[in-house]
Structure formats: structure tokens, C-alpha cells
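So the structure is just underneath, and the comments pick up after that.
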Ligand code: PTJ
């Protein structure tokens with residue numbers, strides 16, 4: 001039990017979720033390392049959502065609302081940290097959710113499928129009995145995707161994605177949105193919209209944005225997307241990383 005008075009309470013709570021996911025057997029072996037890297041970047045931005053991240057989130061939600069077949073891709077870490085929030089976002093933007101594991105094993109897919117179902121989300125894609133295809137005929141596990149999900153999606157939200165998979169998705173012509181605390185990662189650099197924020201803050205914030213943007217007309221959303229420059233926004237994101245003594 002972590003005492004609420006602990007100065008690093010929020011951060012320890014997230015570690016606890018990651019540890020429990022590992023114990024339950026659905027976190028990738030390197031999921032803890034990935035979490036640690038994310039933690040370090042989060043520390044350096046003051047564990048707060050920055051202005052460039054907020055801007056990217058508005059654009060991302062606009063792009064998702066404009067899509068015909070938007071899909072949220074989920075892995076072990078994303079599920080451990082934000083399963084309910086991901087389900088809420090999917091409902092708010094009318095997106096599908098697909099299990100998409102970098103270190104795919106049948107056992108992990110089975111466990112994650114069960115978790116989404118237990119949390120009330122029945123239509124999870126990418127499960128063991130789903131119809132899977134290879135993107136652009138690349139016969140590699142990293143290119144496998146659900147026929148009705150990522151395979152046919154026009155926009156994919158990939159939180160904490162590995163660079164190889166992001167590259168395959170990008171090359172297949174899909175719009176890629178990532179949530180990644182590391183603005184220097186390959187995934188952040190090759191995505192169309194990169195949100196440098198912690199998934200636990202970003203996903204609920206995007207759900208709120210969706211409620212607001214749903215009331216706007218289509219032209220407003222199109223302008224938001226067209227006026228966005230991801231490279232420029234990533235540069236601004238990088239400038240948010242500050243190392244100051246005593247903070
Ligand atoms: O469950 P699997 O098999 O799909 O594997 C998932 C991981 C995350 C292990 C796999 O995709 C992987 O190895 O990813 P990488 O290449 O380590 O990239 C993960 C990125 O997510 C890194 O750039 C981290 O900085 C970032 N990250 C970690 N925790 C968070 C985060 N970004 C946002 N929010 C976080 N909480």
C-alpha cells in the first residue's frame with residue numbers, strides 16, 4: 001500500500017500498475033524498461049501536460065473524428081495504465097480498439113482480450129479468434145493486423161508504439177497518431193501527429209476534447225488538422241524538457 005502522503009505517490013501508483021500487469025503475465029518482459037524510459041522523460045517535463053502536447057491532442061482528436069475507420073491500438077503497457085480511459089475515448093470518438101502487441105504471444109493476447117471484456121468492452125479486435133491479415137503483404141508478426149481494424153483503418157492511434165511497427169503502418173498510407181513521452185523516438189518522428197505526454201494524462205484529456213470538438217462543424221476540424229505542423233510541434237515539445245537544479 002503506497003501512502004497518499006508520499007511525494008511521488010502518483011508515479012508510484014503507475015509503477016504498481018505496471019508491476020501488477022507483469023505479475024498477471026500480460027506485460028511484455030521489456031514493458032518495465034519502456035515504462036522507466038517514459039518516467040524519465042515525464043520527470044523532465046515536470047509530469048504535466050505541456051502546451052505543444054495539448055495542441056497535438058486537439059489536432060489528433062479532430063483527425064480521429066474526421067476518419068472513416070479510426071482504431072486505437074493497445075499493448076500491454078497501455079492496458080496496464082489506462083484500460084478504462086481507453087474504452088471511454090473509443091466510445092467518445094467512435095473508434096475500434098485492437099490488441100496489437102510487439103512481443104505477441106497467444107497467452108498475452110488471451111489475457112488482454114479477457115481484460116477488455118471484463119471491463120465491459122466486448123468488441124475487442126486482434127483477439128485469437130479474429131481474422132488477421134498482413135499489412136502490405138509483409139509476412140512478419142509486426143505487420144499483422146485485424147482485417148476489420150488496423151488493416152483497413154485510415155487513422156490509427158498508437159500509444160507507446162515501437163518504431164518498426166509505426167514505420168509499417170505509416171508506409172501503408174495510414175494517418176498515425178502517437179502518444180509517446182520521448183519526442184526523439186522513431187515513432188514520434190515518423191508519426192503524423194505526436195503527442196509528447198503520459199498516456200494516463202493524454203487519454204482522458206482527449207476524451208474531454210472530443211466532447212468539445214463534436215459540437216464543431218467539419219470545416220473547423222479540417223482546418224485544425226491542415227494547419228498543424230508536426231515537425232515544428234515536436235521541436236517545441238523538445239524545448240519543454242528542462243533540467244533545473246532543485247526542481
Ligand atoms: O506490449 P507489447 O508487446 O506491444 O510491448 C510494449 C512495449 C512498450 C514494451 C514495446 O512497444 C516497446 O518496446 O516500446 P519502446 O520501443 O520501448 O517504446 C515505448 C515508448 O513509450 C518509449 O519512447 C517511452 O518513452 C514511451 N513511454 C513509456 N511509458 C509511457 C510512454 N509514453 C507515454 N506514456 C507512458 N506512460
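Just so you know, all these numbers are worked out from the coordinates, no wet-lab data involved. Since this is a predicted model, take the numbers as computed values, not measurements. So basically every Cβ, Gly included, is an ideal-geometry build from the backbone, and we count neighbours across all protein chains shown.
Hey, how much of the P(r) for the range 114-190 falls beyond 16 Å, as a percent of Cα pairs? The calculated P(r) of the range 114-190 puts 54 percent of pairs beyond 16 Å. The ranking of 178, 155, 207 by Cβ neighbour count inside 10 Å, starting from the fewest, reads 207, 155, 178.
Taking the number of Cβ atoms within 10 Å of each Cβ as an exposure proxy, the fewest-first ranking of 85, 232 is 232, 85.
Averaged over residues, the count of other Cβ atoms within 10 Å places the peptides 29-41, 60-72 in the sequence 60-72, 29-41, highest first. Peptides 86-97, 156-167, ordered by how many other C-beta atoms sit within 10 Å of their residues on average, highest first, read 156-167, 86-97. Per-residue ellipticity at 222 nm computed for the chain from its helices equals -15500 deg cm²/dmol, with DSSP H segments shorter than 4 residues left out and the rest contributing -39,500 (n - 2.57). Residues 201, 186, ranked from the fewest to the most other C-beta atoms within 10 Å, line up as 186, 201. For residue 33 and residue 211, the FRET efficiency from 1/(1 + (r/R0)^6), where r spans their Cβ atoms and R0 equals 41 Å, is about 0.70.
Here the ratio of the Cα radius of gyration of the range 51-239 to 2.2 N^0.38 Å is 0.95. Roughly how far apart, in whole Å, are the Cα centres of the range 103-119 and the range 1-70? Measuring centre to centre over Cα atoms gives 20 Å.
Antiparallel beta bridges, as assigned by DSSP with both residues in the chain, represent about 15 percent of the total such bridges.
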